[in-house]
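Asks: What follows is a structure written as structure tokens; I'll ask about it next.
The values are calculated or read from the model by the stated rules, or taken from the named source; none is laboratory data. For clarity, every value in this text was computed on a predicted model and none was experimentally measured. Note that we place each Cβ from the backbone using ideal geometry, even for glycine, and neighbour counts take in every protein chain shown. We work out accessible area using only protein heavy atoms, side chains counted, and drop any ligands, DNA or RNA first. Shrake-Rupley method; radii C 1.70, N 1.55, O 1.52, S 1.80 Å.
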Amino acid sequence: MSLKCVCVFCGSGFGLRPEYQKSAERLGHLLAEQGVRLVYGGAKVGLMGAIADAALASGGEVVGVIPRHLMKQEVTHDGLTELHTVTTMHERKARMAELSDAFVALPGGLGTLEELFEVDTWNQIGLQQKSCGLLNVSGYYELLLQFLKQAESERFVRDLPAAKLIVEADPEVLLERLGTHS
């Protein structure tokens, strides 16, 4: 399968490590260079802004999806190829999923995790079959991966969604695996 559009979930902040921003920028450049459209949360701040700016700087198409109530808080990016304004966070996630062939989570907080788990849950219950990946920059997601293994061993999770998650530290390898996974 050739990827046409990838949705990226990531932080509206930069985090403590400069590697997070560098990886977001690298992924943005790679998406553009490979002709893959980026869908993301529509902000110009933090890792969200870094990946969008990088993709745009490399001539890529970038689609933002942002709820009206977050437009002022997250500071909407005004240089995007397309901006979809929605009413709720639920609509945001549904629109992002509708527009995308695959999903990637970069470092981020609760919103990033919630978005990733929702789309991966949709895979698990058969609502969609789209690749999901974690860009595990500097081991950011190691404890989460341990938790998911624990949830499986305790039989709270069957057919572990994490087993379907593609986990890589290198953006280029992650994109390659996402495109061949479906």
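Asks: Pick out, from segment 116-182, the helices (runs of 4 or more DSSP H) lying fully within it that include 3 or more residues that are at pLDDT 95 or above. Before you say what the answer is, go through the steps one by one.
Replies: On the way: elements: 142-153, 161-164, 171-181.
In segment 116-182, 142-153, 171-181 are the helices (runs of 4 or more DSSP H) which contain 3 or more residues that are at pLDDT 95 or above.
Matching residues to (1) open to solvent by less than 10 Å² (accessible area, probe 1.4 Å); (2) more than 25 Å from SER138 (Cβ to Cβ):
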site: ALA32; (1), (2): no, no
site: GLY42; (1), (2): yes, yes
site: ILE51; (1), (2): yes, no
site: ALA54; (1), (2): yes, no
site: ALA57; (1), (2): no, no
site: GLY64; (1), (2): yes, yes
site: ARG68; (1), (2): no, yes
site: ASP78; (1), (2): no, yes
site: HIS90; (1), (2): no, yes
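Asks: Conditions first: (1) more than 24 Å from GLY179 (Cβ to Cβ); (2) open to solvent by less than 10 Å² (accessible area, probe 1.4 Å). LEU16 passes all but one, so which condition is the exception?
Replies: The one condition LEU16 does not meet is (2).
Asks: Another question, then. Only one of LEU47, LEU27 is buried (at least 24 other Cβ atoms within 10 Å of the Cβ), modelled with pLDDT of 95 or more and out of contact with any Cys (no Cβ under 7 Å at 6 or more places or on another chain). Can you tell me which?
Replies: Numbers: LEU47 fails: out of contact with any Cys (no Cβ under 7 Å at 6 or more places or on another chain).
Just one listed residue meets the conditions, LEU27.
Asks: Hey, another quick one. Kindly indicate whether any position in segment 104-118 is of a type in the set (A, V, I, L, M, F, W, C) and free of Cβ contacts under 8 Å to residues at least 40 places away in the same chain. If you could, list the steps in order and put the result at the bottom.
Replies: Here is the first cut: in segment 104-118, the ones of a type in the set (A, V, I, L, M, F, W, C) are 104-106, 110, 113, 116-117.
Filter again for free of Cβ contacts under 8 Å to residues at least 40 places away in the same chain, leaving 110, 113.
Yes, segment 104-118 contains a residue that is of a type in the set (A, V, I, L, M, F, W, C) and free of Cβ contacts under 8 Å to residues at least 40 places away in the same chain.
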